[in-house]
1. If you rank CYS41, CYS9 by fewest surrounding Cβ atoms within 10 Å, what's the result?
2. Zone of LYS246 (label point 7 Å along Cα→Cβ, backbone N under 13 Å): which residues in segment 209-238?
3. On full extension of the chain, what length is gained from TYR87 through GLU189, given 0.36 nm per residue of separation minus the C-alpha to C-alpha distance?
4. Using the 10 angstrom Cβ neighbour count as an exposure proxy, how do LEU179, LEU152, LEU66 rank, fewest first?
5. Output the antiparallel fraction of DSSP beta bridges having both residues in segment 130-252, as a percent to the nearest 5.
6. Assuming a viscosity of 0.890 mPa s and a temperature of 25 °C, what translational diffusion coefficient in µm² per second does Stokes-Einstein assign to segment 152-253, Rh being the Kirkwood radius over Cα pairs?
7. Which of the peptides 182-191, 242-251 is most tightly packed, and how do the rest follow, going by the mean number of other Cβ atoms within 10 Å of each residue?
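The numbers here are math on the coordinates, done by the rules we state, and not lab data. No experiment lies behind these values; they were computed from the predicted model shown. Glycine also receives a Cβ, built like all others from the backbone with ideal geometry; neighbour counts cover every protein chain displayed.
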Amino acid sequence: MSYKTCKWCGRKFNESDAVYSGLGSIFGNDFGGGVYCSEKCKAEAEAKRANSYKNSYDDDDHSTGLLGLIWKAIKWGIIIMVVWFVYDNYIKNDKTDSKTVNTNSTTQSNAKTGTKSISSSSENMPNVSLTEINQVAYSWSEAHNSRNLLRLSSLYASQVNYYQSKYSREQIKASKEKLMNKYPDFKQEISNVTVEKETSYYKISFDKKVWTDLQKEPKTYPSYLHVKMVDGTWKIITESDLVTDKNLSKKKK
């Protein structure tokens with residue numbers, strides 16, 4: 001006859017009377033293991049084990065004194081480090097990628113409308129939109145077509161680099177008036193507008209198609225304007241085209 005020892009009270013008893021704590025195995029394949037001589041011993045053992053788990057949890061989570069405070073500080077320090085690591089390496093990167101995607105989308109959208117994103121880096125320059133800069137060029141072109149000299153002259157700064165010569169605003173107004181009187185059918189259109197950010201101004205480049213006689217084919221000039229914020233308003237500080245620049249360069253030689 002086989003005898004076993006009670007895990008709880010230590011009493012020797014007949015194997016046939018055993019109450020198993022395991023999953024039907026005499027070797028006790030659960031976390032407690034072993035056999036008991038009665039249901040009472042088994043219940044008392046399990047109650048003690050459950051109470052032991054509870055006390056361990058309470059001691060761990062509700063420690064008092066200096067050591068307890070140090071332990072809590074270490075735990076919270078680890079938690080904060082993990083949270084920061086996740087934010088810095090995943091969440092923030094996702095936001096950066098999202099901005100990059102939005103910038104690329106804007107560039108593609110501008111390409112479809114004949115404009116280009118503002119490029120190059122600069123300090124102390126106001127944040128502006130492409131539409132705001134482009135509008136200066138379109139207003140300038142419309143003022144020519146409507147022959148509105150007051151509106152046209154108001155778009156210029158007080159001093160302008162006008163086709164590589166220094167002109168005042170009044171001199172430019174007189175030059176435009178002379179042009180319109182000479183060519184009553186004068187008309188122009190601009191297209192392929194692009195904007196580049198320079199050190200202290202924005203450069204607007206475009207193709208300018210000009211009609212001086214509506215009975216003749218227009219001529220196209222690759223042109224540009226430099227604009228700068230003056231007293232809270234965008235003003236033209238340079239006007240020219242590449243054809244004129246090239247011709248003037250030849251004369252200087």
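1. Sorted ascending by nearby Cβ count, the order is CYS9, CYS41.
2. Residues 220-223 fall inside that zone.
3. Value of the extension gain: 31.6 nm.
4. Placing the least packed residue first, the sequence is LEU66, LEU179, LEU152.
5. The antiparallel fraction comes to roughly 90 percent.
6. 166
7. 182-191, 242-251
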